[in-house]
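Asker: Supplied in structure tokens, the structure appears directly below.
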Amino acid sequence: MESENSVERLGRNIFFLYPSNVIQTEIIDKLAQQEFEVYSIRNHKHFINVLEKFPYSIILADIDEPLPGGQWENFIRDILAGPVTKTLDIGILSTSNNVELRKKYLYTLKVSCGFIVIHSDLKQTLAQVIDILKAADAKGKRRYVRARPDSETMASLNIPCNGRFIYGTIKDLSIVGFSCTFDVDPLFEPDAHIDNIQMKLHGILLKADGILFGSRMESNVKIYVILFTNRTSPSELIKVRRYIQVSLQAAMDKLLK
């Protein structure tokens, strides 16, 4: 379990429970592009079983979606009665602006992140969600969300070196840069500029330019750290963020199985 200091440094996980397709595409994806660590959850029973692993989470429940096997009020009571209730926050999403419904969640159940009405103007809804997340210090001191690819979300790259391309595997990735290993050590000079990096992120192809930040040894394996330069197209960085979201979601789905 993480300490409060580490959570403040790393930020908080944001879980959307049973989000609609509109929330998925117009809210969750856009939050990911703004460096919030956000997940979509569609198995509430398994989720509540692993919630202790994420004691400082923010949970946003889309109560317009029918809850399999029970009612939303009972499920939220179960969460609030759990061992991590003092450190997590819960908010409600709904297209309904019913006064009694709002009172039930805000004053009877006492959810801490409010009752967010989903407007037809989704930009307004997104702005409300962002305001709530900022108030809950969702990012903490973390500036960038980071993914660590596994075999299911494979991330690789090719770089030009001495007239040929050298294959590498990405170990760690954020919008700022990545760490990687190579099949053949390219023997980069300090501060080397690396142009025309060809990356493959779980089927997503992109090109980037980088600069060597440094290297280290781990278990007799040399790991290079490369930062993206401003010559990398913003459209390519959008692909990086999308991949990070896919990778994190895949890891969460595996945990919830």
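Asker: Taking the Cα of L255, stepping 7 Å toward and past its beta carbon, and measuring to each backbone N in the range 15-29: which are under 11 Å?
Answerer: Residues passing the 11 Å test: 15.
Asker: With a Förster radius of 35 Å, plug the Cβ-Cβ distance of N98 and I238 into 1/(1 + (r/R0)^6) and report the FRET value to the nearest 0.05.
Answerer: Numbers: r = 38 Å, r/R0 = 1.07.
Calculated transfer efficiency: 0.40.
Asker: Run the quick spin-label model on M154 and E52: label points 7 Å from Cα toward the beta carbon, then report their separation in nm to one decimal.
Answerer: My value for the distance between the label points is 3.7 nm.
Asker: Then there is this: Please list log₁₀ I(q)/I(0) at q = 0.14, 0.15, 0.16 Å⁻¹ for the range 73-158, using the Debye equation with identical point scatterers on the alpha-carbon positions.
Answerer: -0.69, -0.75, -0.81
Asker: Starting from the Cα of K257, draw a straight line to each of the lysines and keep only those under 16 Å, dropping any in the same chain fewer than 8 residues away.
Answerer: Answer for K257, where 16 Å is the Cα cut-off: K45, K53, listed by chain and number.
Asker: In addition: What does DSSP give for the chain in terms of the percent of beta bridges that are antiparallel, rounded to the nearest 5?
Answerer: Antiparallel bridges: around 70 percent, rounded to the nearest 5.
Asker: Only sites in a loop by DSSP and with at most 13 other Cβ atoms within 10 Å count here; which trypsin sites (Lys or Arg not before Pro) in the range 78-173 make the cut?
Answerer: Qualifying residues, ordered by number: K86, K110, K141, R143.
Asker: Now, a different point. Between the range 23-41 and the range 148-219, what's the alpha-carbon centroid distance in Å?
Answerer: 26
Asker: Evaluate the Kirkwood expression for the hydrodynamic radius of the range 90-218, namely the inverse of the mean inverse distance over all pairs of different C-alpha atoms, and round to one decimal in Å. Write down the numbers at each step before the final one.
Answerer: Details: mean 1/r = 0.0537 Å⁻¹.
Kirkwood radius, the range 90-218: 18.6 Å.
Quick note: the coordinates plus some simple rules give every number you see, no bench work behind them. Because the structure is a prediction, the values reported are computed rather than measured. When we count neighbours, we look across all protein chains shown, and the Cβ atoms used for this are built from the backbone with ideal geometry, even at glycine.
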